[in-house]
Amino acid sequence: MSDFRERAAGIGALADPLRRALYLYVCAQDHPVARDEAADALDVPLHKAKFHLDRLADDGLLDVEFARLSGRSGPGAGRPSKLYRRSAREIAVSLPEREYELAGRLMAEAIAESSRSGAPVLDALVSVAAAHGRTLAHAARETITMGSADDMGADALGIACAALAEHGYEPRIESGGATLTNCPFHALAESHTDLVCRMNLALVEGLVDEIGPGDVDARLDPAEGRCCVTLSQRSR
């Protein structure tokens, strides 16, 4: 959820009308903008422009660079000015959390793989999604190793749910398993149900098999208002 908090903070920074106006002004320019230029353009005191521009930079919406606007260098040229330009970082927030960019990336990789190998696109998508799930599992195990395990627990089910929580699945651990109460690909699932459910299942299977082979089962169990995949803990 840390990435979500960072993105939400970035969006929240634009709630202030003056900060939003400064951001839009900077974005509209074809050059990095100095503080005094922005203050003059919006007819606000320089100290206010400084404060809000720095806040936008702190929240990742603007990038900062330094340059001497006079073009002079050497002794007597003065201190470089702090300049702002729109950040290359893309920020989007949805509630409930969605992962449409991830879905698009997985599907694009599957199409490319299908074109390369001749495999059916759906088979390629299942393979690509499973590989991504394994990547998420590696990241989750590293987090556990560094001693920052989620309070859901450090067993295989808990680790899997912690990893899935980071990507919008909103897992709810129940007796002997877990329900994923949110589908990160909801709108796609409504119009392309079989495709998205197969992708979801492959991703979650790849994750749980990598975290604890034989410890947790992922299966299709569609129901209204949640992800089509549920988890169950195997008895030992």
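The values are calculated or read from the model by the stated rules, or taken from the named source; none is laboratory data. This is a predicted model, so every value here is computed, not measured. Here the Cβ is made from the backbone with ideal geometry for all residues, glycine too, and neighbour counts use every protein chain on show.
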Legend entry - Given (1) at pLDDT below 90; (2) in a helix (DSSP H, G or I), number of the condition Gly153 does not satisfy: (2)
Inset, instruction - List the number of the failed condition for Cys183; all other conditions in (1) surrounded by 14 or more Cβ atoms within 10 Å (Cβ to Cβ); (2) over 18 Å from Leu125 (Cβ atoms) hold. - result: (2)
Inset, instruction - Consider Ala13 carefully, then state whether it is closer than 30 Å to Thr193 by Cα and at pLDDT below 90. - result: no
Inset, instruction - Enumerate the pairs (first residue in region 97-124 and among the hydroxyl-bearing types (Ser, Thr, Tyr); second residue anywhere and surrounded by fewer than 17 Cβ atoms within 10 Å (Cβ to Cβ) and modelled with pLDDT under 95) with beta-carbon separation below 9 Å, excluding pairs fewer than 6 apart on the same chain, so at least 6 apart or on different chains. - result: Tyr100/Ala92; Tyr100/Ser94; Tyr100/Ala187
Inset, instruction - Among the candidates Cys227, Cys197, single out the residue that is of a type outside the set (Phe, Trp, Tyr) and closer than 17 Å to Val128 by Cβ. - result: Cys197
Inset, instruction - Within region 74-82, identify whether any single residue is surrounded by 12 or more Cβ atoms within 10 Å (Cβ to Cβ), outside any loop (DSSP other than H, G, I, E, B), at pLDDT below 95 and not assigned by TED's automatic domain parsing to the domain that holds Leu207, and answer yes or no. - result: yes
Legend entry - Residues (surrounded by fewer than 16 Cβ atoms within 10 Å (Cβ to Cβ) and within 24 Å of the chain's Cα centre (by Cα)) located in region 189-236: Glu190, Ser191, His192, Thr193, Gly225
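Results for (1) within 16 Å of Lys82 (Cα to Cα); (2) out of contact with any Ser or Thr (no Cβ under 7 Å at 6 or more places or on another chain); (3) exposed (fewer than 15 other Cβ atoms within 10 Å of the Cβ), shown as yes or no for each residue.
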residue	(1), (2), (3)
Pro17	no, yes, yes
Ala28	no, yes, yes
Arg35	yes, yes, no
Leu46	yes, yes, yes
Leu56	yes, yes, no
Asp59	no, yes, no
